[in-house]
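Enquirer: Pasting a structure below so you can have a look.
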Amino acid sequence: MKHEFYKIKHVRDFKEMIAHLGEKYAEDTAFEYFRDGTKVSVTYARFKRDVFALGSYFYSLGLKNAKIAVCGENSYEWIVTYLASAVGGNTIVPLDKELKPEEANVLLTASGSEMLVYSAKKSALAEIACDKVKHKLCMTDMSSAIETGAGQVSQCGIMENEIDVEDVCTIIYTSGTTGNPKGVMLSQRNLISDMILSIESMWFPQGTVCVLPLHHTFGMMASVLCQLMCGFSVFINDNLKYVLRDIKEAKPGHVSVVPLFVESFYKGIWKNAKKSGKDKALKALIKTSNAMRKVGIDMRKTLFKSVIDAFGGNLEMLITGGAPISDELIKGFDDIGVKIINGYGITECSPIVSLSKYHGNKSGSVGMPIKMVQVKTINNNEDGEGELCVKGDIVMMGYYNNPEANAEAFVDGWFNTGDLGKVDEDGFVFITGRKKNLIILNNGKNVYPEELEYLIGKIDGVTEVLVYAENDYITAEIYAEDMTKKDAITAEIKDKLNSSIASYKQIRKIKFRAAEFEKTTTKKIKR
């Protein structure tokens with residue numbers, strides 16, 4: 001079956017995009033979600049009104065060329081905040097909802113955010129927000145702010161304001177509580193380019209559920225922006241406990257997730273089959289189906305209808321990224337008629353860099369670069385593996401207030417990703433490792449060991465420390481000259497440090513070593 005790529009309007013900026021969508025798809029459904037047990041639907045026309053109204057409200061507060069932070073669970077209000085900031089030429093600063101209030105406050109300070117839009121569950125952050133935050137808006141009060149702004153759209157000048165597509169649209173922080181967090185600056189040109197080029201580089205079936213956190217660039221790009229540009233409907237999941245409920249309700253054609261979800265879905269299929277005593281029959285059916293496919297007969301939609309019905313009945317594709325995915329899972333879902341599209345992305349590239357092909361992808365590959373994007377490797381070893389470098393309109397403006405990091409990241413117009421891999425003779429990209437020490441957990445969360453090493457190193461009695469992942473557990477290996485402080489160090493980490501940082505960063509294993517770590521000639525610990 002041949003799948004045609006979508007033909008979309010090449011918009012210049014988010015203001016043009018929202019205006020275009022509100023007119024072209026006016027009465028079509030843009031978003032659906034559950035609120036207090038009731039399903040809510042929002043048309044594209046209403047979405048356009050709300051975005052420009054909230055943007056006007058920001059203007060009424062004097063927020064022009066300002067930084068607006070947003071923190072909370074996935075929600076319609078979160079998305080409206082993001083795009084209302086963009087259509088007004090302001091800069092949106094998305095904050096991870098799992099950060100502790102103190103951690104998030106560090107980023108509010110570092111970014112110089114003048115306003116904080118937050119969910120009710122993040123009220124503690126609003127209470128301690130730095131002095132630079134002059135305005136605060138709880139999402140529960142957003143409807144009144146939108147109504148206020150709706151009466152000001154024609155007078156405030158938001159519609160006449162010309163957007164500078166080269167100016168910073170969003171600052172996304174890739175670090176937490178260290179003294180110098182790295183803020184990735186993406187312009188509207190970066191984001192619009194990645195959205196359009198991604199859509200024109202692959203086919204995906206209509207309808208999705210927004211599962212990935214919206215502060216994550218992949219979640220916002222794949223689950224929201226690309227969907228809206230095609231005029232599709234997005235079902236917003238606000239709590240991972242209800243993922244399967246929402247998928248069954250939304251009946252999506254595809255869902256973007258991290259590999260951990262793919263594995264969970266797959267295990268669930270076989271768990272349910274075994275529970276109902278149908279696991280042997282399912283295995284036999286798969287064997288028969290695969291034999292039929294070899295002679296050109298594809299009956300998967302009929303044979304595995306009961307399985308797909310558990311995912312709403314229309315699921316054809318899972319799009320995944322952020323961590324490696326096994327060939328076993330790819331084949332397992334392909335057996336029942338669900339295609340897994342794997343890709344490679346990095347926040348600094350807006351984030352989508354490459355996507356696997358619907359037909360003819362190579363095993364182990366993260367696909368080919370999207371249109372108009374170049375990928376190469378440098379400092380290759382004997383196997384042709386080196387550091388991946390990217391060039392194109394998707395590449396970030398740079399790191400906010402961090403000239404040292406910018407000098408390291410860019411060489412001759414190429415962005416050095418810090419990821420190791422190779423590009424084969426056919427243009428397929430393969431990821432083979434990480435140059436940097438970034439830890440990527442199987443749920444797609446990124447953990448920076450240097451941040452945790454900095455915090456642990458301040459504990460009395462710790463001489464040296466190395467943080468790494470062991471069986472997907474964050475592990476701290478410690479050398480203490482005075483081993484009598486071992487119990488006190490352990491208690492400090494478990495009782496105090498872990499309670500002050502996000503759950504996915506918490507130290508799960510603690511090891512003590514008898515000797516110092518081996519070091520390089522520059523006295524750096526060898527990892």
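Enquirer: Mind jotting down the distance between the C-alpha centroids of the range 305-325 and the range 78-154, whole Å?
Expert: Answer, in whole Å: 33.
Enquirer: Taking N as the number of residues in the range 21-173, what is its Cα Rg relative to 2.2 N^0.38 Å? Spell out each step's value before the answer.
Expert: Details: Rg = 15.1 Å, N = 153, 2.2 N^0.38 = 14.9 Å.
For the range 21-173, the normalised Cα radius of gyration is 1.02.
Enquirer: Can you pick out the pairs among K280/K339; K15/K64; K248/K301; K283/K331 whose Cα atoms lie more than 19 Å from each other? Before the final figure, lay out each step's value.
Expert: Details: K280/K339 23 Å; K15/K64 15 Å; K248/K301 17 Å; K283/K331 13 Å.
Distance filter (> 19 Å) returns K280/K339.
Enquirer: Say the cut-off is 28 Å between C-alpha atoms; which of K7/K445; K136/K182; K376/K505 go over it?
Expert: K7/K445; K376/K505
Enquirer: Here is a follow-up. Using a 1.4 angstrom probe, figure out how much accessible area the chain has per residue, in square angstrom, rounded to the nearest whole.
Expert: Details: 23700 Å² over 527 residues.
Ligands and nucleic acids excluded, the result is 45 Å² per residue.
Enquirer: In Å and whole numbers, how far do the C-alpha atoms of the chain stretch along each principal axis, longest first?
Expert: Its Cα atoms span 67, 67, 49 Å along the three principal axes.
Enquirer: By accessible area of protein heavy atoms, probe 1.4 Å, what ranking do Y118, Y448, Y473 get, highest first? Kindly include the intermediate steps, with their values, before the conclusion.
Expert: Values: Y118 35, Y448 65, Y473 115 Å².
Solvent-accessible surface, decreasing: Y473, Y448, Y118.
Enquirer: Can you list the equivalent-ellipsoid semi-axes of the range 348-457, largest first and in whole Å, using the square root of 5 times each Cα gyration tensor eigenvalue? Numbers along the way, then the final one.
Expert: Values: eigenvalues 125, 64, 41 Å².
So the equivalent ellipsoid measures 25, 18, 14 Å along its semi-axes.
Enquirer: Calculate how many DSSP beta bridges within the chain are antiparallel, expressed in % of all such bridges and rounded to the nearest 5.
Expert: On the way: 44 of 76 bridges.
Antiparallel: roughly 60 percent of the beta bridges in the chain.
Enquirer: Charges at C-beta only: +1 for Lys and Arg, -1 for Asp and Glu. How large is the resulting dipole of the chain about its Cα centre, in Debye rounded to 20? Intermediate results must be reported in sequence, preceding the final value.
Expert: Numbers: 66 positive and 67 negative charges, 385 e Å.
Roughly 1840 debye, rounded to the nearest 20.
Enquirer: Tell me, what is the Rg over Rh of the range 395-527, with Rh the Kirkwood radius over Cα pairs? Don't skip to the end; give the middle numbers.
Expert: Numbers: Rg = 17.9 Å, Rh = 17.2 Å.
My calculation puts Rg/Rh at 1.04.
Enquirer: Hey, any idea what % of the range 214-354's accessible area is carbon plus sulfur with a 1.4 Å probe? Walk me through the numbers before you get to the answer.
Expert: Numbers: 3510 of 6210 Å².
Its accessible area is 57 percent carbon and sulfur atoms.
Enquirer: Can you sort V390, V375, V411 by 1.4 Å-probe accessible area, starting with the largest?
Expert: These residues rank, largest area first, as V411, V375, V390.
The values are calculated or read from the model by the stated rules, or taken from the named source; none is laboratory data. Everything quoted here is computed from the prediction, not taken from an experiment. Heads up, the Cβs are rebuilt from the backbone with ideal geometry, glycines too, and the neighbour counts pull from every protein chain shown. Ligands, DNA and RNA are stripped out before the accessible areas are found, and what is left, the full protein with its side chains, is counted by its heavy atoms. Shrake-Rupley method; radii C 1.70, N 1.55, O 1.52, S 1.80 Å.
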